[in-house]
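Right, one structure below, let's go through it.
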Amino acid sequence: EVAYSQSTGQKEQLSRCVLRGIRRVQDLCKVLRLPSVFEGTAVSYLQRALQHPSFRLVSVEKKELLGGCCVLATCRQHNWPLTMGTICSLLYAKQELVASVLLSVQKELGISMPALGLADLVKTHLNGFQLFRHAEDIPAPFVEDEEKLLARTMQVVELASETWLVTGRHPVPVVTAAAFLAWQSLQPAARLACTLARFCKVAGIDLPPPAHLRLKELHEILLRMASQLAWLRVFKLDKKTVVKHIGDLLQHRIFLLKNAFCVEDVEEQQGAAQGEASPAAAGAAQEEGQPSKGKGDPEGSRGPLLPPCLLRPRKRLRTAALSASEAAITGDEPISDSEIEQYLRGPEEVRAFRRAKAWQ
């Protein structure tokens, strides 16, 4: 007797490569706690990719990344906030290699993937915090309402996005730093002494290494904005005390950013007007008590809003040292006749030059 499944070939044995890929997809879905629908879609994408001619002759390293790329593509299609950095850390792979395999999967299989929404990423990242319930290992002042923290964190992340702190960077460190500032600003009296490392430990999340740099950049932005509020100029604000006024800064965010950074044209016009004025008039104005923009005035240090890569570049361009012969050239050296003749083309131009030289 022959079973029906054997006669139709329904139980054809899969290759070890396909089985290993399916097992990897299932493990990733379990680790990420994805719905069962996501797992089925990712497995179908993996099987289609392994049967495609474009992926038959690729290296073993890229074949092992196909499962993770299919999971990432599935999450993007369902608007599930999963970043490429998370997949790279789970697969111990380089981000450039994962990006190339993901683009190949998207092109060959015809998969459309929408861009990852930052708001969804913030919501999902905050869902992993353990600060929204009272527990023995969490101090009472550290517990916060989830809706309040989410709303304040979204405002800080939007501020970071408007000031070039998110563009071209991994979003998780930015979200972590923004959540820390938002959490401190809701109850600053009891939380200002808490550090970022302790906050992540109490919240039960990992501390991304660049989060300290993102926090420093956010503090600088907040201090520049605080210098534009009249009722905050009387205080000597630093990176800790400015957290108390985050609510006011975010409420007037557009106005403060415009005044703190977009002032190049205004300063140029003021500088031109002051240049035309006489020094005596400027001295009289200072005697009357009018402050002049200098080192003591926070408005004097205002500049354009530029990305951090331009403000603090990692690598500086090095100019090659000039040789002794090149350094001796000033540009005023006389041009020899032989050098002039090499630029003259045609016998007519040569004869005209000789006739002109004879008249000299």
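The values are calculated or read from the model by the stated rules, or taken from the named source; none is laboratory data. The model shown is predicted, which means the values in this text are computed figures rather than measured ones. Reconstructed Cβ throughout: ideal geometry from the backbone, glycine too, with neighbour counts over all protein chains shown. Please note that ligands, DNA and RNA were not included when accessible areas were found on the heavy atoms of the full protein model with its side chains. Shrake-Rupley method; radii C 1.70, N 1.55, O 1.52, S 1.80 Å.
Residues to consider are Val174, Val166; find the one that is surrounded by 21 or more Cβ atoms within 10 Å (Cβ to Cβ), closer than 22 Å to Leu310 by Cβ and touching a helix residue (DSSP H, G or I) at 6+ places or on another chain (Cβ under 9 Å).
Unique residue meeting the criteria: Val174.
Scan segment 86-121 for residues that are hydrophobic (A, V, I, L, M, F, W, C), farther than 17 Å from Thr74 by Cα and either touching a residue at least 60 places away in the same chain (Cβ under 8 Å) or part of a loop (DSSP other than H, G, I, E, B) (or both) and report the count.
So the count comes out to 1.
Residue-wise test of (1) within 21 Å of the chain's Cα centre (by Cα); (2) open to solvent by 40 Å² or more (accessible area, probe 1.4 Å); (3) aliphatic (A, V, I, L, M); (4) in the same structural domain as Ala151 (by the TED database).
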{"site": "Arg198", "(1), (2), (3), (4)": "no, yes, no, yes"}
{"site": "Ile205", "(1), (2), (3), (4)": "yes, no, yes, yes"}
{"site": "Leu223", "(1), (2), (3), (4)": "yes, yes, yes, yes"}
{"site": "Leu249", "(1), (2), (3), (4)": "no, no, yes, yes"}
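From the list His125, His78, pick out the single residue that is open to solvent by 20 Å² or more (accessible area, probe 1.4 Å) and outside the structural domain of Ala42 (by the TED database).
That would be His125, the only listed residue that is open to solvent by 20 Å² or more (accessible area, probe 1.4 Å) and outside the structural domain of Ala42 (by the TED database).
Kindly indicate the residue of segment 324-344 that is part of a helix (DSSP H, G or I) and not polar (S, T, N, Q) and also surrounded by the fewest Cβ atoms within 10 Å (Cβ to Cβ) among those meeting that condition.
So the residue we want is Ala324.
When the residues of segment 40-62 are filtered to those that are part of a helix (DSSP H, G or I) and open to solvent by 60 Å² or more (accessible area, probe 1.4 Å), which remaining residue is farthest from Lys30 (Cα to Cα)?
That would be Pro53.
In segment 251-263, what residues are in contact with a Gly (Cβ under 9 Å, 6 or more places away or on another chain) and buried (at least 18 other Cβ atoms within 10 Å of the Cβ)?
Answer for segment 251-263, where residues must be in contact with a Gly (Cβ under 9 Å, 6 or more places away or on another chain) and buried (at least 18 other Cβ atoms within 10 Å of the Cβ): just Phe261.
Specify which of the listed residues (Arg316, Arg302) is of a type in the set (Lys, Arg), surrounded by 10 or more Cβ atoms within 10 Å (Cβ to Cβ), at pLDDT below 70 and closer than 30 Å to Trp164 by Cα.
Checking each option against the conditions leaves just Arg302.
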